[in-house]
Amino acid sequence: MKLDVVKLTRQLVSFPSESQTSNVEVTECIADVLNQLNFEIERLPYVDKNGVDKISIVGRLGKGSGGLSLMSHDDVVPALPEQYKPKLTGGKLYGRGSCDMKGPLAATLCAAARFKDAELKKPLFIIVTADEEVQAVGAHMVTKESKLFAQASSGYGIICEPTRLNVVYAHKGSMSLVITSKGKAAHTSTLKGTNANIKMIPFLQEMREIYELVLEDVAFRNDEFKPPYSEWSIGINDHNLATNISPVQSVCTINYRPMPGVDVRSLIERTKESARRHGVKCEIRHLGEPVYTDPQSPLVKTALKLARKRRALTVPYGTDGMAYAKKMKQMVVLGPGDIAQAHTVDEWVEVNQLKKGVALYERFIDHVCVQGND
């Protein structure tokens, strides 16, 4: 079966699939393509916290474990209605998700379409998740529940996010904490209220110490990244509607992008201990692992050779790999398009990049799955 990457990208872009809405329709379209390619398909449906139906799928062509996984997501960031009407002009395909990442996803399907299961010595997996844009919710479920992913995890993974077909061997993780203090509402003239911010102030003073620590201490530095540090990003809001009423709550949010080799858990424990001492509540909302594959590993060397690149890179942003890293230890990020176009009003991907992406994924499938090489 032969697929056209531009035509397929246009079809996928035309499905509205913002993270706030359902991705079921576009995912079933992808599942239909995989069915036609004789993939075994595993569905992982769920209902998100807002009651919206979501689904992730894992497909396998061939038998056994290991092999090669091509990993994408089909949710997108918010868009205007006209952004779901793809437009081709000047060698660029415009539309929400064309770059991040329905175009790269289409490239994986087009590459897979060139192969039959009888040709494969090792299996080919295609993974498509929901809610990557919402702390990789779908990928976390795949990691925990998918039987096919359990088989794939011992093999090689390509996270097909846009890198301009450069080989990325590492990216930062993510961490999100929410700290809350409680007060009592009353008109401030009565002195009968309790200002929730007062409890929060001494806690925030200690968070400033951590803020300075992670930007200055070499223990939190990794020179493989630019920038080599990550910020202990602190937000504060009491959501008070009037300044003459004692605020009943004060909410502090802390976000951090841990790099490989950084002991983020010690920072979390220090934060939790500070919250306990100051009588405020600390909750871990999200903790995503950084991705790191040794740049001297067979996977990275093979990726460089097949991509015809000289040097592997790191990036400061994250991917679904933050979830997959718990079980899959050999991954690179490698995909067509430029991350600078992701999430933009006029999002686009170059047609030439899509076609090169198809050819690169074909070379990878042939090398790992058909020839059975490392």
Exercise. Could you tell me how many degrees, from 0 to 90 and to the nearest 10, lie between the Cα long axis of helix 196-216 and the main elongation axis, the longest principal axis, of the Cα atoms of the chain?
Key: 50 degrees
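Based on the Kirkwood radius over alpha-carbon pairs, what value in µm²/s does the Stokes-Einstein equation return for the translational diffusion coefficient of the chain at 25 °C and 0.890 mPa s? Intermediate results must be reported in sequence, preceding the final value.
Numbers: Rh = 22.0 Å.
The estimated diffusion coefficient comes to 111 µm²/s.
What full-extension length gain, to one decimal in nm, is calculated for LYS355 and GLU283 as 0.36 nm per residue of separation minus the Cα-Cα distance?
Working: separation 72, 0.36 × 72 = 25.92 nm, distance 4.49 nm.
In short, 21.4 nm is gained.
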Practice problem: Note down the relative contact order for the range 174-287 as a percent, whole number, built from C-alpha pairs under 8 angstrom at least six residues apart. | Solution: 44 percent
Quiz prompt | Of LYS122/LYS329; LYS226/LYS326; LYS172/LYS329; LYS2/LYS305; LYS121/LYS309, pairs whose Cα-Cα distance is over 22 Å | solution = LYS226/LYS326; LYS2/LYS305; LYS121/LYS309
Practice problem: Please give the length that would be gained between GLU269 and THR188 if that part of the chain were fully extended, namely 0.36 nm times their separation in residues minus their C-alpha to C-alpha distance (nm, one decimal). | Solution: 25.6 nm
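To the nearest 0.05, what FRET efficiency results for ALA242 and ASN197 with a Förster distance of 22 Å applied to their C-beta separation? Before the final figure, lay out the partial values.
Details: r = 14 Å, r/R0 = 0.65.
After rounding to 0.05, the efficiency reads 0.95.
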Quiz prompt | Label zone at ARG308 (point 7 Å along Cα-to-Cβ), backbone N below 18 Å, the range 344-363 | solution = 350-363
Quiz item: When only Cα pairs under 8 Å and 6 or more residues apart are kept, what is the percent relative contact order across the chain?
Solution: 25 percent
Quiz item: How many nm separate the modelled label positions at LYS147 and GLN205, each set 7 Å beyond the Cα in the direction of the Cβ?
Solution: 5.8 nm
Quiz prompt | Degrees separating the helix 298-307 axis from the principal Cα axis of the chain, which is the longest one | solution = 60 degrees
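Reported to two decimal places, what Rg/Rh ratio describes the range 1-138 when computed on Cα atoms with Rh from the Kirkwood expression?
Working: Rg = 14.9 Å, Rh = 15.3 Å.
Computed over Cα atoms, the ratio is 0.98.
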Quiz item: For CYS252, CYS29, CYS282, what ranking results if the residue with the fewest other Cβ atoms within 10 Å of its Cβ goes first?
Solution: CYS29, CYS282, CYS252
Self-check item: Cα extents of the range 174-287 along the three principal axes, largest first (Å)
Solution: 56, 24, 23
Practice problem: Take the Cβ-Cβ distance between ARG363 and LYS226 as r, set R0 to 30 Å, and report the resulting FRET efficiency rounded to the nearest 0.05. | Solution: 0.55
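Sorted by mean Cβ packing within 10 Å, highest first, what order do the peptides 362-373, 135-146 take? Please report the intermediate quantities before stating the final value.
Details: 362-373: 18.4, 135-146: 22.2.
In descending order of packing, they fall as 135-146, 362-373.
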Exercise. Could you tell me how many degrees, from 0 to 90 and to the nearest 10, lie between the Cα long axis of helix 264-277 and the main elongation axis, the longest principal axis, of the Cα atoms of the chain?
Key: 20 degrees
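I want the antiparallel fraction of DSSP beta bridges within the range 9-151, as a percent rounded to 5.
On the way: 16 of 23 bridges.
Expressed as a percentage, antiparallel bridges in the range 9-151 total about 70.
Throughout, read-outs are computed from the coordinates displayed, never taken from laboratory work. Worth saying up front: this structure is predicted, and the values here are computed from it rather than measured. Please note: Cβ atoms are built from the backbone with ideal geometry, for glycine as well, and neighbour counts cover all protein chains shown.
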